[in-house]
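Report on one structure; see the data block that follows.
Each reported figure results from applying straightforward, stated rules to the coordinates on display, with no laboratory input. Model, not experiment: these values are computed from the prediction. Glycine gets a Cβ as well: all are built from the backbone with ideal geometry, and neighbour counts include every protein chain shown.
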Amino acid sequence: MNDTPTDNSVSRRGFFQLTLGWLAAGFAASATAAGALRFLIPNVLFEPSEEFKAGKPDDYADGSVTFLEDERVFLVRKGNTFRCLSAVCTHLGCTVNRAEQGYHCPCHGSVFDDQGVVKGGPAPRGLEWFAVTLSKDNRIVVDKSQRVSAEKYLVL
Amino acid sequence: MNIPRPGQVWKWLLQTRVGRSIFRVGLPESNLERSQAMVSSFLLHVQPAKVHRHSLKASYSMGLGLISLYLLFILVGTGTLLMFYYVPSTDRAYNVMKDLQFVVSAGLVLRNMHRWAAHLMVFFVILHMCRVFYTGAYKSPREFNWVIGVMLFLVTLGLSFTGYLLPWDQLAFWAITVGTNIAAYAPLVGPKLQYLMLGGHTVGQEALTRFYALHVIVLPGITFFMVSVHLWRVRKDGGLSRPAEGGDSVQRIALDQLPTNKSYGLMELARGTTPQVGKNPEDEVFSWPHLIFREILLFLVVAVVLLVLAIFFNAPLEEYANPVHPPNPAKAPWYFLGLQELVSYSAFWGGVVVPGILVGVLMLLPYIDRKVHGVGRWFARERILANSIFTVCLIVAVVLTLIGSFFRGPNWSWQEPWKKPAAMTEGH
């Protein structure tokens, strides 16, 4: 190139060289960044299964609400119907406590009724209900990856 | 026996061949040597040889930025020592905390120093920001340095936040659970960001490993780089901000306007600070000893205060993390309690929108408020509007923090501290 310092025009060849150079540099930089980001997103999680067995139906008394500690859920039995309510507050993930009426979150004061519906506090949604089924060996099975409506029961 | 005084030993050392090779200038005795002492030393040359009297006034800067820097140094020192024992494992981290408390020599004091220095650093960085605002020091040419300062404030909070998880106690676990759930409310990327931060869906071993890496290398690295740029720019902008004076006007010389028949030194291309043509030399004093002495004195004060704090007050350590039951109330550290009070109204508005707007306005501030007057004086009358707005925001933040700290009891319900003082002990 024979550009003089005062000449600001770019020749055709110079233009292509510049474009190619910047494109190459930009591609290399974004590919590196994308690769590093992808590296940080795990492919395999060593977390407990979302689906778990919660014992025999007879383990739960009629009309009881049982807190299953390891799974952070409440198992609700009424007559011969079973439901499973999440104990994880929809606000910021604290564990709600069973109150006389409904559930209270200790972190930011959200209040839920027996159906998990928000009655007060900052929670944006009601507590989740999870699918409950019965296994062949007569055990209650809860699948926390399957959300169902509050009206859905396992009837024995 | 005649015991030599330290001064005599020092003088003798500087006369030896080895001494001269290490300290090239020696103890300066003339003004020339005072300049050389600063310029020829790697550790000192980041500072100017001469410094404006105004920059030395404790009533102006109050040394707040320097105190923050010293706390950072202490944090790096104590943090490095703690790393020799710490294991970022959910099974062992909590036991290491107990070992530091009861088994390791000076472990308790070092952990206490690290914790209190972290709290104080957040506090002093905020104070430093207030000082810079109330003196209008963010105005041209220091606009971008203010932006770097705001970023450093955020990184400081990030360092505190990541450090919080490491003891793996109840406070740690639930503070991080709440914090990462706030991140999940961010528009578009929220849940993915949370997944990336935690390396999974819940706070567990992966999250601890990630927060550890961020806390001990990523964020300190960013901090050191940005602090270097921050200080470098203070230096290049002619020291601390001060009221404009005659002969102080900055002239930038365009390269093509320089006559070509003369060779120039680099100093003449630099702007503002050198050479001191038309300035009153009596306004400037030599950094050695005036600046150096004040710096060392301030460091001693910071170190002593911190040591006393660390000896008399133990850093809190709650029970071993229980992923099932949050403590009630589950409170964040004090600098996040204002935010926690906000998210107790709405996670999205209080946790994402309001802080986002605040940070955005802070970053853009020097480009919004562009009038160059009232610089270099506290509470300048010309800046009454800007100062009033800032003060109102500051009061709101303080009130929210106080409410979160003292007026919130179990289930985050309203509780007056003088009625049930037991609730006060929960917050840290």
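Evaluated with a Cβ-only charge set (Lys, Arg +1; Asp, Glu -1), chain B carries a dipole of roughly 940 debye about its Cα centre, given to the nearest 20. A simple spin-label model places pseudo-atoms 7 Å from Cα toward Cβ; at B:Glu143 and B:Leu188 they are separated by 2.6 nm. Per-residue mean of foreign Cβ neighbours for A:84-94 is 5 (Cβ atoms of other chains, 10 Å radius). Hey, if you drop one equal point scatterer on each alpha-carbon of the range B:106-177 and run the Debye formula without solvent, what base-10 log of I(q)/I(0) do you get at q = 0.13, 0.24, 0.25 Å⁻¹? Reported log10 I(q)/I(0), two decimals: -0.51, -1.05, -1.10. The three principal axes of the C-alpha atoms in the range A:46-143 carry coordinate ranges of 42, 36, 18 Å, sorted with the longest axis first. Sorted on the mean count of surrounding Cβ atoms within 10 Å across their residues, most packed first, peptides B:289-297, B:325-333 read B:325-333, B:289-297. Taken along the Cα-to-beta-carbon direction at a fixed 7 Å, the label points for B:Asn2 and A:Asn97 span 7.7 nm. Sorting the segments B:42-48, B:217-223 by their residues' average number of neighbouring beta-carbon atoms within 10 angstrom, most packed first, yields B:217-223, B:42-48. If the Kirkwood radius is taken over C-alpha pairs of the protein assembly as shown, then at 37 °C and 0.692 mPa s the Stokes-Einstein diffusion coefficient equals 115 µm²/s.
Once both labels are positioned 7 Å from their Cα atoms along Cα-to-Cβ, the gap between B:Ser388 and A:Asn80 label points is 7.5 nm.
Fully extended, how many nm does the chain gain between B:Trp10 and B:Asp99 (0.36 nm per residue separation, minus their Cα-Cα distance)?
Computed gain between B:Trp10 and B:Asp99 is 27.9 nm.
Applying 0.36 nm per residue to the separation of B:Tyr85 and B:Ile403 and subtracting their alpha-carbon distance, the gain on full extension is 110.8 nm.
For chain B, hydrophobic long helices are taken as DSSP H runs at least 24 Å long by C-alpha position along their axis with mean Kyte-Doolittle hydropathy of -1.0 or more; these are B:64-83, B:107-134, B:143-165, B:219-236, B:287-312, B:384-406. With R₀ set to 60 Å, the beta-carbon distance separating A:Thr133 from B:Phe312 gives a calculated FRET efficiency near 0.55. Annotation: the residues B:Val132, B:Val39, sorted from fewest to most other C-beta atoms within 10 Å of their own C-beta, follow the order B:Val39, B:Val132. Inter-chain Cβ neighbour count for A:27-39, averaged per residue, equals 0 (cutoff 10 Å, partner chain atoms only).
When B:Asp91, B:Asp237 are sorted by how many other C-beta atoms sit within 10 angstrom of their C-beta, beginning with the fewest, the order is B:Asp91, B:Asp237. Using the Cβ-Cβ distance between B:Ser413 and A:Thr32 with R0 set to 30 Å, the FRET efficiency from 1/(1 + (r/R0)^6) comes to roughly 0.05.
The angle between the Cα long axis of helix A:12-40 and the longest principal axis of the Cα atoms of chain A comes to about 20 degrees, rounded to the nearest 10.
The Rg/Rh ratio of chain B, with both radii computed over alpha carbons and Rh defined as the Kirkwood radius, is 1.02.
Among B:Ser41, B:Ser89, B:Ser140, the largest mean-square fluctuation in a Gaussian network model of chain B, built with springs joining Cα atoms closer than 10 Å, belongs to B:Ser41. Annotation: the residues B:Glu341, A:Glu128, A:Glu51, sorted from fewest to most other C-beta atoms within 10 Å of their own C-beta, follow the order A:Glu51, A:Glu128, B:Glu341. Within 10 Å of the Cβ of each residue in B:339-346, the mean number of Cβ atoms contributed by other protein chains is 3. Each peptide in B:111-124, A:28-41 was scored by the mean count of other Cβ atoms within 10 Å over its residues; highest first, the order is B:111-124, A:28-41.
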